[in-house]
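Here, each number is a calculation from the coordinates, and none is a lab measurement. Bear in mind the structure is a predicted one, so any value in this text is a computation, not a measurement. As a convention, Cβ positions derive from the backbone with ideal geometry for all residues, glycine included, and neighbour counts pool all protein chains shown.
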Amino acid sequence: MASAGTASKDLWLTWGKNTPQGTIAKAAQANSKEELKMVEGTVKFFNAMKHFGFIAGDDGKEYFVHSSGLKEGASITEGDKVSFKAVEGDRGLKAEEVEKVSGDAEEEKAA
């Protein structure tokens, strides 16, 4: 009887030989994060103790955000206007490279 590693390898080789190249590429892409676009939105909820929250995108979609998805030095709280890279994760839409966008009030203070 073949070991689990050998059986897995045999299955992969068989699958690879009988599958058109485009399908293999699509399957590999489905297993990785698919980058969508840059989006702006508003923080609906963020629990700093649990390191996660949700952003309501200006595109009408809701995005999961984890503290690891914040740009270095960034912090967010409920109501903040943010910009982020939207990606399709293994569990749905999520926000990465999240940063606050400056509003009119902040720009007036800086001037």
Ranked output for segments 84-94, 66-76 by mean other Cβ atoms within 10 Å, highest leading, reads 84-94, 66-76
Please compute P(r) over all alpha-carbon pairs of the range 34-107, binned at 5 Å starting from zero, and give each bin as a whole-number percent. 3, 18, 32, 27, 14, 5, 1, 0
